[in-house]
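See structure below.
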Amino acid sequence: MLKNKLLYTLILTALSAPGLALAADAPATPPAVTSNVSLVSNYLYRGISQTGAKPAIQGGFDYAHASGFYAGVWGSNISWLNTSASNSSLELDTYFGFKNSFATDYSYDVGFLRYNYPRVYPNPIPAGFAKADTNEIYGLIGWKWVTLKYSYSLGDTFGLSDAKGTSYIDLSASYPVADTGVTLGAHYGKQTYKGSSADSLSTLVGSTYAADATATYSDYKLSVTKDFSGYVWGLAYSSTNAKKGLGQFYNAVLADGSNIDLGKSTVVLSVAHSF
């Protein structure tokens, strides 16, 4: 499968290619290329499971220039697009942007992110829906260990058509405990869907959706990580107020026939390593 070939190649390459260090205070330093790989017990994105509460293996490559410009690619196995008719097991994200610091303890980050989901789609795609591929632009401002990020969709969004203006706001804190390798984290996010398809979600595909169906929801997370010789182990608790009964969104029927609430409260274990 494409997913297996890509991710296995990603891991083998990451394990064999050491990253190059980029000195922030040396503009003449050559650009850095780094890689990362991680294993998670459940791939959550904005509080919603992308793997049906099952594990995922993930990894990516990043390019960074002393000017603040960066670009990268990142991949993970997924299951939320799996159906009896077709199988999409891969998310492959591509992105670029510019980030830097200013004043004292402040930082910013602006960029573009495309979510790619290779699969064979139904022909025709049901009214109100679209391919899952999604384009977003984003902006972030940070102060010490607190960040506020706003992401804005440029069109069809994670399967909903005509969803330009759909947004996600992310308020996060990441506090490193001095001399311990421990980092404490807290997060609040809100995914707000816009557009005619989102507004009429309760009438799409007949009785598949509840009468008061809405794709808009909030998510919350508390986390702790510990760095052991470059391997970062993590434990996180995540919850959302996403409503059940939303078909492909939050109450998915997977290819194996199982039915699962993708936005339910859950605990996630993880381990990550960068090269």
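For the reader, a short list of remarks on this structure follows.
- Test: residue in region 42-51 that is among the hydrophobic types (A, V, I, L, M, F, W, C) and within 26 Å of residue 192 (Cα to Cα): yes
- Cβ-Cβ under 7 Å pairs, at least 6 apart or on other chains, region 90-114 side closer than 19 Å to residue 45 by Cβ, far side among the acidic types (Asp, Glu): 97/109; 113/93; 113/136; 114/93
- Tally, over region 69-90, of residues that are modelled with pLDDT of 85 or more and of a type in the set (A, V, I, L, M): 4
- Residue in region 93-134 that is surrounded by the fewest Cβ atoms within 10 Å (Cβ to Cβ), counting only those that are hydroxyl-bearing (Ser, Thr, Tyr) and within 17 Å of the chain's Cα centre (by Cα): 94
- Where a residue in region 173-196 is on the phi > 0 side of the Ramachandran plot and touching a residue at least 12 places away in the same chain (Cβ under 8 Å) and its partner, wherever it lies, is of a type in the set (A, V, I, L, M) and surrounded by 13 or more Cβ atoms within 10 Å (Cβ to Cβ), with Cβ under 8 Å and at least six apart: 195/160; 195/163
- Of all residues in region 158-179, those satisfying the criterion of being at pLDDT 95 or above and hydroxyl-bearing (Ser, Thr, Tyr) are 166, 167, 168, 172, 174, 175.
- Residue that is surrounded by the fewest Cβ atoms within 10 Å (Cβ to Cβ) [pool: residues in region 36-71 that are over 22 Å from residue 275 (Cβ atoms), in contact (Cβ under 8 Å) with a residue 40 or more places away in the chain and among the polar types (S, T, N, Q)]: 67
- Count of residues meeting criterion [surrounded by 15 or more Cβ atoms within 10 Å (Cβ to Cβ) and assigned to a helix (DSSP H, G or I)] in region 172-198: 2
- All of (1) under 27 Å from residue 135 (Cα atoms); (2) modelled with pLDDT of 95 or more hold for residue 224 with one exception: (1).
- Checked across region 18-32, the condition of being closer than 30 Å to residue 220 by Cβ, over 16 Å from the mean Cα position of the chain (by Cα) and either modelled with pLDDT under 70 or not β-branched (Val, Ile, Thr) (or both) holds for no residue.
- Unmet requirement for residue 159, which otherwise passes all of (1) over 16 Å from the mean Cα position of the chain (by Cα); (2) of a type in the set (Gly, Ala, Ser); (3) surrounded by 14 or more Cβ atoms within 10 Å (Cβ to Cβ): (1)
The values are calculated or read from the model by the stated rules, or taken from the named source; none is laboratory data. Predicted model, so just to flag it, every value in this text is computed and none were measured. Note: ideal-geometry Cβ built from the backbone for every residue, glycine included; neighbour counts use all protein chains shown.
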